[in-house]
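Inspection log for the structure reproduced underneath, given as structure tokens.
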Amino acid sequence: MIEKTLVIIKPDGVQRGLLGEILGRFERAGLKIVGMKLAWPSEELVGQHYADDDDYNRGVGERALANAKEHGTESSEDPLAIGQRVRAANMKYLSTGPVLALVLKGNTAIQTTRNIIGGTNPLSADIGTIRGDLSVDDFSQADIEKRAVRNLMHASSEPAEAEREIALWFTAEEIHDYQTVMDKVLHDPAWGA
Ligand code: GDP
Ligand code: MG
């Protein structure tokens with residue numbers, strides 16, 4: 001299934017000079033860059049990106065509580081309030097400087113991109129993934145310091161999210177449909193048959 005997905009290299013990735021390294025990993029996997037721009041997003045745009053959804057915020061809060069418990073710090077804070085705080089921290093973090101927004105296209109692009117990026121929490125992200133290899137942070141530490149976790153990247157998690165996020169960050173004219181020399185080998189069902 002050929003899919004498109006939205007990827008953001010967050011401000012820490014831009015600041016740390018990791019754009020080439022990160023783009024190279026997607027290119028080598030065979031994902032095609034069909035949209036790309038450096039953008040300094042407003043808090044308003046980031047607020048739409050991380051939609052203010054109670055169920056989603058509560059889910060993030062519940063995960064943060066479970067994570068804190070694992071680390072021996074029990075808390076009775078309302079999960080929704082924690083999720084809202086994480087969202088607010090993310091809004092500041094993402095709008096603190098330029099980000100690189102990308103649309104990647106290819107077979108199973110949504111899940112493949114997330115596999116390449118690795119788990120959300122840098123501390124437990126697998127070695128060999130972008131977050132596992134290139135970031136050092138931890139949810140617990142970020143939550144204690146009441147800041148966003150510096151995990152370098154965002155990527156859409158499923159088709160409806162990808163569609164919504166691509167439309168939020170890119171106009172139709174900014175997405176380019178073009179052939180590459182690799183298309184035949186990667187995507188033509190007749191190749192090698
Ligand atoms: P992703 O799709 O893997 O990026 O993860 P989510 O969609 O669940 O969360 C969105 C973003 O919120 C993550 O990339 C993190 O920056 C942040 N985040 C999620 N959960 C937590 C948490 O428990 N603590 C903190 N500090 N940040 C979190
Ligand atoms: Mg997500």
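The values are calculated or read from the model by the stated rules, or taken from the named source; none is laboratory data. What you see is a predicted model; the values in this text were computed from it and never measured. Positions of Cβ are backbone-derived with ideal geometry, glycine not excepted, and every protein chain shown enters the neighbour counts.
Picking from residues in the stretch 162-186 that are touching a Ser or Thr at 6+ places or on another chain (Cβ under 9 Å) and either outside the structural domain of Ile2 (by TED's automatic domain parsing) or of a type in the set (Asp, Glu) (or both), the one that is farthest from ligand 1 (Cβ to nearest atom) is Glu163.
Checking the structure you have, find out if any residue of the stretch 167-179 is within 16 Å of ligand 2 (Cβ to nearest atom) and either at pLDDT 95 or above or β-branched (Val, Ile, Thr) (or both). Yes - at least one qualifying residue is present in the stretch 167-179. Could you look through the stretch 66-92, keep only residues that are within 11 Å of ligand 1 (Cβ to nearest atom) and at pLDDT below 90, and pick out the one that is surrounded by the fewest Cβ atoms within 10 Å (Cβ to Cβ)? Top of the filtered list is Ala66. Could you please let me know if Thr129 is touching a residue at least 12 places away in the same chain (Cβ under 8 Å) and under 20 Å from Val14 (Cβ atoms)? Yes.
Scanning the stretch 123-149 for residues being charged (D, E, K, R) and within 16 Å of ligand 2 (Cβ to nearest atom) gives a total of 1.
Kindly indicate the residue of the stretch 1-46 that is in contact (Cβ under 8 Å) with a residue 60 or more places away in the chain and among the small types (Gly, Ala, Ser) and also surrounded by the fewest Cβ atoms within 10 Å (Cβ to Cβ) among those meeting that condition. Among those that are in contact (Cβ under 8 Å) with a residue 60 or more places away in the chain and among the small types (Gly, Ala, Ser), it is Ala39.
Residue count for the stretch 81-98 under the criterion of being within 15 Å of ligand 2 (Cβ to nearest atom) and in contact with a strand residue (DSSP E or B) (Cβ under 8 Å, 6 or more places away or on another chain): the result is 1.
A single member of Ser157, Ser124 is among the small types (Gly, Ala, Ser), closer than 17 Å to His49 by Cα and surrounded by fewer than 17 Cβ atoms within 10 Å (Cβ to Cβ), and it is Ser157. I'd like the residue in the stretch 1-44 that is under 13 Å from Leu94 (Cβ atoms) and small (Gly, Ala, Ser) and, out of all such residues, is modelled with the lowest pLDDT. Looking at residues that are under 13 Å from Leu94 (Cβ atoms) and small (Gly, Ala, Ser), I get Ser42. Of all the numbered requirements in (1) part of a helix (DSSP H, G or I); (2) within 15 Å of ligand 2 (Cβ to nearest atom), Thr112 misses one, and that requirement is (2).
Can you confirm whether the stretch 94-108 contains a residue that is at pLDDT 95 or above, within 12 Å of ligand 1 (Cβ to nearest atom) and surrounded by 13 or more Cβ atoms within 10 Å (Cβ to Cβ)? Among the residues of the stretch 94-108, at least one is at pLDDT 95 or above, within 12 Å of ligand 1 (Cβ to nearest atom) and surrounded by 13 or more Cβ atoms within 10 Å (Cβ to Cβ), which makes the answer yes.
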